[in-house]
1. Tell me, which residue of the range 58-75 that is under 16 Å from the mean Cα position of the chain (by Cα) and over 21 Å from residue 149 (Cα atoms) is surrounded by the most Cβ atoms within 10 Å (Cβ to Cβ)?
2. Would you say residue 55 is buried (at least 18 other Cβ atoms within 10 Å of the Cβ) and under 11 Å from the mean Cα position of the chain (by Cα)?
3. Quick check: is even one residue across the range 102-115 at pLDDT 95 or above and in contact with a Pro (Cβ under 7 Å, 6 or more places away or on another chain)?
4. Quick one: in the range 1-14, which of the residues that are in a strand (DSSP E or B) and out of contact with any Asp or Glu (no Cβ under 9 Å at 6 or more places or on another chain) is surrounded by the most Cβ atoms within 10 Å (Cβ to Cβ)?
5. Quick check, is residue 107 surrounded by 15 or more Cβ atoms within 10 Å (Cβ to Cβ), under 25 Å from residue 129 (Cβ atoms) and of a type in the set (A, V, I, L, M)?
6. Does the range 76-89 contain at least one residue that is farther than 18 Å from residue 12 by Cα, loosely packed, with under 15 Cβ neighbours inside 10 Å and over 17 Å from the mean Cα position of the chain (by Cα)?
7. Looking at this structure, is residue 138 in contact with a helix residue (DSSP H, G or I) (Cβ under 9 Å, 6 or more places away or on another chain), under 20 Å from residue 57 (Cβ atoms) and part of a helix (DSSP H, G or I)?
8. Against the condition modelled with pLDDT under 95 and touching a strand residue (DSSP E or B) at 6+ places or on another chain (Cβ under 6 Å), how does residue 58 come out, does it pass?
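The values are calculated or read from the model by the stated rules, or taken from the named source; none is laboratory data. Quick caveat, the model's predicted, so the values are computed rather than measured. Note that we place each Cβ from the backbone using ideal geometry, even for glycine, and neighbour counts take in every protein chain shown.
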Amino acid sequence: MEKKMSESYTVKTSNVLPPDTNNHQTLYGGRLMEYIDDVASIAARRHSRSKVVTASIDSVDFLEPINLGDVVILEAMVTHTGTSSMEVLVKISKEELEESGEVSLAAFSFLTFVALSDDKKPIKVPKLIPDNDRLKWLDETGEERSEHRRHRRDRSKALREFFANDLLD
């Protein structure tokens, strides 16, 4: 089975209100992470039509602060697939509604999800078909990002042994 990338496209929009902000009146990083995981999981579920679990978050690269009163816009789409895994790109923009109306890129993140059966076992996901050349590039470069994740996961397994004891031991 195959599916176009665009079939997983998901948008989440939210006002940045006082409870969402820190003492600098910018959006809490943790709140943004919550939004990212939410919108990315919907994109992964749209692609796989199954339950999913977050396997990794590569990073969140903050490019500009998202300020109190801005609107945060998150766009997510599956950009690469493995056998049971899906890489999801989340593009985060901010819109200043009240004065300039300017929209600018504020952050982006790649996440990996695994599709699960009802008994929580990994299941096969549809092959990905890019809709255009720009999206084809995302799919083609996905294997390199996947290899980087595998290397990072191996290092994390080694660190698990290190952290098996208290830090001060």
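1. Let us first name the residues in the range 58-75 that are under 16 Å from the mean Cα position of the chain (by Cα), namely 58-63, 72-75.
Now restrict to residues that are over 21 Å from residue 149 (Cα atoms): 63, 72-75.
Numbers: 63: 11, 72: 22, 73: 18, 74: 24, 75: 17.
Among those residues, the one meeting the criterion is 74.
2. Judged against the criteria, residue 55 is not a match.
3. yes
4. Restricting to residues being in a strand (DSSP E or B) and out of contact with any Asp or Glu (no Cβ under 9 Å at 6 or more places or on another chain), the top hit is 3.
5. The answer is no for residue 107.
6. yes
7. Yes, satisfied.
8. Criteria met by residue 58.
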